[in-house]
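Step one of this worksheet: look at the structure below.
The values are calculated or read from the model by the stated rules, or taken from the named source; none is laboratory data. Since the model is a prediction, treat every value here as computed from it, not as a measurement. Cβ sites come from the backbone with ideal geometry, for glycine too, and all protein chains shown count toward neighbours.
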Ligand SMILES: *Cc1c(COP(=O)(O)O)cnc(C)c1O
């Protein structure tokens, strides 16, 4: 490097990297250890204005003090009192792979820009195809998150329609997607991105247990086609986000087969249960789906973002982004060019996301993922039992997963007062920051909601949560 750019020489100094890296790992290790301490807090709440003020006036000194401040101002997923949103508690090993990916920065759009990662991704995708129950005609890709994965699958579904080439010609007909009213908002968003508009997202009512009402699906379908729409796909949630309930994939699959409709399964959270002998029955019928997405950064212990999209028929998956970009790819025989990732993903440059799953798999075996599901789903059932035995609380519904919805009750309170009370409790818990839980609204009632993501959460932590909530319920 030319000596008249001294700063660059310093910036890229690998000896400094070694020292900083060692210190940083030591600092993060201490953080992981602290997170297990009984007096630890899951969070350190500041409102957005206060947080912005802090960073606008921040005096950056050095990396260790910055990382300390960052840790103090971030939510701690490794804390067993973290029970909030459905993001995994990442394994340190997978986090190290994020570092490797960051440093190598192999963009993977074309094979040469990520030889190893391209082949490793294929190995990972093949594992998912087999586990889902597909045959050798299946294939898939990894992409940046469930939201993008759902969009990718729905684009494939639209491209697979026999008498319509929207990619080439734009939409000639009114198109629609059918999905339950409990589905994750990313389906709605994907459909709108695809130009389907408000009427193109048909919400199928759910049953009392919050799974899709398949009888209502029939009705919704006929109403939709009678109104002049062509249905691109039916989406099953496995599981849905608010309640963690699985749709009946066998019934939806049969319906799709009968009407020759693309069947997509949004398994961002609960698709991972296919790796567990005990919980796999919740996904009965999964192998009938034309496409399935599973986040590894939710129930599979890797950091975000990392999502697998699999297609039962690889040719259909391959056609999703069928456009000509001659300067990048040798020709358009996509089928032959599985190794040029950019042909089949929304991203051009992407993260080497396969590494964090692959290394975990190869180091600890496939059982690691089963153990995580069994542990966390089991914890959900344990917590539900505890709530049912406690007269101060009401369980919203029997959980199927690690997502549990419940509310605190107070004698003489009407529904409105109970809603206000539970909202207040959740807000006070947030401000207190020892525990982190969230809330949801089901049939107009506000419930507290936990997602038990942390395998170190014990019965004792859950008991403590239930014992402190009444203190926050005092006006
Ligand atoms: C989390 C979730 C998504 C979105 O996935 P991201 O990885 O957060 O983009 C989609 N669908 C369901 C059912 C989810 O739980």
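Can you tell me which of 425, 387 is without any contact (Cβ under 8 Å) to a residue 60 or more places away in the chain, in a helix (DSSP H, G or I) and in contact with a helix residue (DSSP H, G or I) (Cβ under 8 Å, 6 or more places away or on another chain)?
Of 425, 387, the one residue that is without any contact (Cβ under 8 Å) to a residue 60 or more places away in the chain, in a helix (DSSP H, G or I) and in contact with a helix residue (DSSP H, G or I) (Cβ under 8 Å, 6 or more places away or on another chain) is 425.
Given the condition more than 16 Å from the ligand (Cβ to nearest atom), exposed (fewer than 14 other Cβ atoms within 10 Å of the Cβ) and either within 24 Å of residue 87 (Cα to Cα) or at pLDDT below 95 (or both), answer yes or no: does some residue in region 182-190 qualify?
For region 182-190, residues more than 16 Å from the ligand (Cβ to nearest atom), exposed (fewer than 14 other Cβ atoms within 10 Å of the Cβ) and either within 24 Å of residue 87 (Cα to Cα) or at pLDDT below 95 (or both): absent.
Could you check how many residues of region 80-112 are within 16 Å of the ligand (Cβ to nearest atom) and under 20 Å from residue 369 (Cα atoms)?
Qualifying residue count for the region: 9.
Considering each residue of region 266-281, count those that are within 15 Å of the ligand (Cβ to nearest atom), assigned to a loop (DSSP other than H, G, I, E, B) and either under 13 Å from residue 377 (Cβ atoms) or out of contact with any strand residue (DSSP E or B) (no Cβ under 7 Å at 6 or more places or on another chain) (or both), and give that number.
Qualifying residue count for the region: 1.
Would it be correct to say that residue 122 is within 16 Å of the ligand (Cβ to nearest atom) and either at pLDDT below 95 or surrounded by fewer than 21 Cβ atoms within 10 Å (Cβ to Cβ) (or both)?
Answer is no for this residue.
Filter region 241-260 for residues that are surrounded by 24 or more Cβ atoms within 10 Å (Cβ to Cβ) and farther than 17 Å from residue 220 by Cβ; which is farthest from the ligand (Cβ to nearest atom)?
249
Kindly indicate which of 298, 284 is more than 16 Å from the ligand (Cβ to nearest atom) and either modelled with pLDDT of 95 or more or touching a helix residue (DSSP H, G or I) at 6+ places or on another chain (Cβ under 9 Å) (or both).
284
Of the residues 277, 304, 268, which single one is surrounded by 23 or more Cβ atoms within 10 Å (Cβ to Cβ) and touching a helix residue (DSSP H, G or I) at 6+ places or on another chain (Cβ under 9 Å)?
Checking each option against the conditions leaves just 268.
Which residues, taken from region 165-181, are more than 14 Å from the ligand (Cβ to nearest atom) and farther than 12 Å from residue 231 by Cβ?
Matches in region 165-181: 165, 166, 167, 168, 169, 170, 171, 172.
Quick one: residue 195 ticks every box in (1) touching a strand residue (DSSP E or B) at 6+ places or on another chain (Cβ under 6 Å); (2) free of Cβ contacts under 8 Å to residues at least 40 places away in the same chain; (3) under 19 Å from residue 160 (Cβ atoms) except a single one, so which number is it?
Only one criterion in (1) touching a strand residue (DSSP E or B) at 6+ places or on another chain (Cβ under 6 Å); (2) free of Cβ contacts under 8 Å to residues at least 40 places away in the same chain; (3) under 19 Å from residue 160 (Cβ atoms) is unmet by residue 195, namely (1).
Sort out which residues of region 119-133 are touching a residue at least 60 places away in the same chain (Cβ under 8 Å) and within 22 Å of the chain's Cα centre (by Cα), and write them in order of number.
120, 121, 122, 123, 124, 125, 127, 128, 129, 131, 132, 133 - these are the residues of region 119-133 that are touching a residue at least 60 places away in the same chain (Cβ under 8 Å) and within 22 Å of the chain's Cα centre (by Cα).
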